[in-house]
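These notes concern the structure reproduced below.
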Amino acid sequence: MSLDQSTSDTIRSLVYDYFSKECDVEPTSLTDTTNIIEDLEGDSLMLLALLEIVRKKYSIGIELKTLGKHLMKKPANTIGEIVHLSQAVVEHGDNIINVDL
Amino acid sequence: LTFDAPADPLVRCGVDIEEPGRFRRFLEADGAAGDGASLIWHPGEIGAALKSADPCRWLCRCFCCKEAVFKALGQAYNYNELECLPHDNGPDWRLWGGLAAGELPVLLDWDHQIGLVDTPLESRATIIFFKRAFLVYSK
């Protein structure tokens, strides 16, 4: 599916709200350059739970091994990178591994 | 914790620490496993967790072992294809799907030792993979 601006914005808000709630920080204190591990003490379980929320909301089928391979090529360490990753998951699903993002 | 291993290492190591309380989100209000659980745990693990006295703790220690394994291998995979099995001498695993077919060869070809410290408050897993030739050489 191709992402329109509204969907992209919704995903961005979803990611910001998620990390704000999970890490108990004000949404306004988060920026695209906030580092998930160093600044928020986040971990892979958070990423997996977020992925599940995105999968459910947009009925996306993607295997974790695909995501793992993608993250080997293009690591996601900051909020901005997680936003782009989530948008790419919704847009490309399992084909994410074949897309040059 | 992730180790940046050389291209052809003799030993691979992975460590993980998890808190059982964080896994409550994967259980429904009635105690059944939620949709997201099947993404991470094999049905055998979920079944065993739901039969256990503390499902969160069970899911936690299984996840902790999986994380340690994938960190050692330097790559995340389908978590639900690595089924952690409890044993008196420590945990072991059964492989499914692509993992059973050898998509991460280390899991099939290398020896390993895994340690798990499991308490109501946290699980700690350490895994070390040894290349078999390395073990022979060491002896």
Count, please, the residues in the stretch A:45-59 that happen to be open to solvent by 40 Å² or more (accessible area, probe 1.4 Å) and either small (Gly, Ala, Ser) or assigned to a loop (DSSP other than H, G, I, E, B) (or both). 1
Do we have residue B:58 as more than 24 Å from residue A:50 (Cβ to Cβ), crowded, with 17+ Cβ neighbours inside 10 Å and within 15 Å of the chain's Cα centre (by Cα) here? no
Exception for residue A:25 within (1) within 14 Å of another protein chain (Cβ to nearest Cβ); (2) surrounded by 14 or more Cβ atoms within 10 Å (Cβ to Cβ); (3) aliphatic (A, V, I, L, M) falls at (1)
List every residue pair whose Cβ atoms lie under 6 Å apart, where the two residues are 6 or more positions apart in sequence or sit on different chains, the first residue falls within the stretch B:74-91 and is within 14 Å of another protein chain (Cβ to nearest Cβ), and the second residue, located anywhere, is charged (D, E, K, R) and surrounded by 15 or more Cβ atoms within 10 Å (Cβ to Cβ). B:77/A:65; B:78/A:63; B:78/A:65; B:79/B:66; B:82/B:66
Considering the stretch B:80-89 alone, what residues qualify as being surrounded by 23 or more Cβ atoms within 10 Å (Cβ to Cβ) and in a helix (DSSP H, G or I)? B:81
Scanning the stretch A:60-101 residue by residue, those in contact with a Phe, Trp or Tyr (Cβ under 6 Å, 6 or more places away or on another chain) and of a type in the set (Lys, Arg) turn out to be A:65
For the stretch A:64-82, how many residues meet the condition of being within 10 Å of chain B (Cβ to nearest Cβ) and among the hydrophobic types (A, V, I, L, M, F, W, C)? 4
Whichever residue in the stretch A:77-101 is of a type in the set (A, V, I, L, M, F, W, C) and touching a residue at least 40 places away in the same chain (Cβ under 8 Å) and, among such residues, is surrounded by the fewest Cβ atoms within 10 Å (Cβ to Cβ): A:83
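The values are calculated or read from the model by the stated rules, or taken from the named source; none is laboratory data. Note that the coordinates shown come from a computational prediction; the quantities given were computed from them, not determined experimentally. Don't worry about glycine lacking a Cβ; one is built from the backbone with ideal geometry, like all the others, and counts go over all protein chains shown. Note: areas computed on protein heavy atoms with side chains; ligands, DNA, RNA excluded. Shrake-Rupley method; radii C 1.70, N 1.55, O 1.52, S 1.80 Å.
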